[in-house]
Amino acid sequence: MHLLQTLLLLVFPALVITGALRDLVSYTIPNWISVALAVGFPIAALAMGLPLPTIGFQVAVGVAALVAGMVMFAMRWIGGGDAKLFAAAALWLGWPSLMPFLAVTGLAGGALAVTLLGLRSPIMRGYVVNGPAWFARLVEPEENVPYGVAIAVGALVAFPGSALMQGLGLPI
């Protein structure tokens, strides 16, 4: 059973990393990633033996994050895929890890934005435009920020403190 639990828990980091990489190279996060996270959560939660009230509370956190993500999308701060990934990650993380998730995601997003501003400066652009096509697009001055990268960093940092990981019983 321990092996099955571990494999189910690996779904989360694998999917958020996949979402970050897809956002980085294509500025899109496919819906299947967020759907797989949403569908995988109850399976992992039940396998980890989370109590139903805890599962319900984590669902409420995920719904609140979806509403917040929709507001950020409506204000054009983030893309639709970012909003969905944000909500799906919050679902897995729940209350114990929500604050570290938000804080690290914000810090990582700021660091990513500052880095891209530097790479998009006229001085640096001459050095970086000769890379792969996805990287040349990333350093275009008018492009957006692939915020899925920041969401993934925040999610991965916060995940060890989540109720799901606590249910595994590892010393963290």
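What follows draws every value from the coordinates through simple rules; no lab data is involved. Since we're looking at a predicted model, the values are computed, not measured. Counting neighbours? That spans all protein chains shown, and the Cβs are built from the backbone with ideal geometry, glycine included.
A compact globular protein would have a Cα radius of gyration near 2.2 N^0.38 Å; the ratio found for the chain is 1.09. Working from Cα pairs under 8 Å separated by at least six residues, relative contact order for region 2-168 is 33 percent.
The stretch between Leu4 and Ala113 holds 35.4 nm of extra length on full extension. This uses 0.36 nm per residue minus the Cα-Cα distance.
Please check the chain for the longest run free of trypsin sites (Lys or Arg not before Pro) that are loop-located per DSSP (anything but H, G, I, E, B) and have at most 16 other Cβ atoms within 10 Å.
Working: sites that count: Arg76, Arg120.
Of all site-free stretches, the longest is 1-75.
Residues in region 145-157 carry Karplus couplings, in order, of 9, x, 5, x, 5, 5, 4, 5, 4, x, 5, 5, 5 Hz; the curve used is 6.51 cos²θ - 1.76 cosθ + 1.60 with θ = phi - 60°, and Gly or Pro positions show x. The phi-based Karplus calculation (6.51 cos²θ - 1.76 cosθ + 1.60; θ = phi - 60°) puts the 3J(HN,Hα) values of region 105-115 at 4, x, 5, 5, x, x, 5, 5, 5, 5, 4 Hz, whole numbers, x for Gly and Pro.
Using the Cβ atoms and a cut-off under 10 Å, what net charge is assigned to the surroundings of Phe73, where Lys and Arg are +1 and Asp and Glu are -1? Around Phe73, the surrounding residues sum to +1. Summary value for region 88-172: 47 percent relative contact order, contacts being C-alpha pairs under 8 angstrom separated by 6+ residues. Dividing the summed helix terms, -39500 (n - 2.57) for each DSSP H run of n ≥ 4, by the number of residues in the chain produces a 222 nm estimate of -26500 deg cm²/dmol to the nearest 500.
Backbone geometry of region 81-93 corresponds, through the Karplus equation with coefficients 6.51, -1.76 and 1.60 at θ = phi - 60°, to 3J(HN,Hα) couplings of x, 4, 4, 5, 5, 4, 5, 5, 5, 4, 4, 5, 7 Hz, x marking Gly and Pro.
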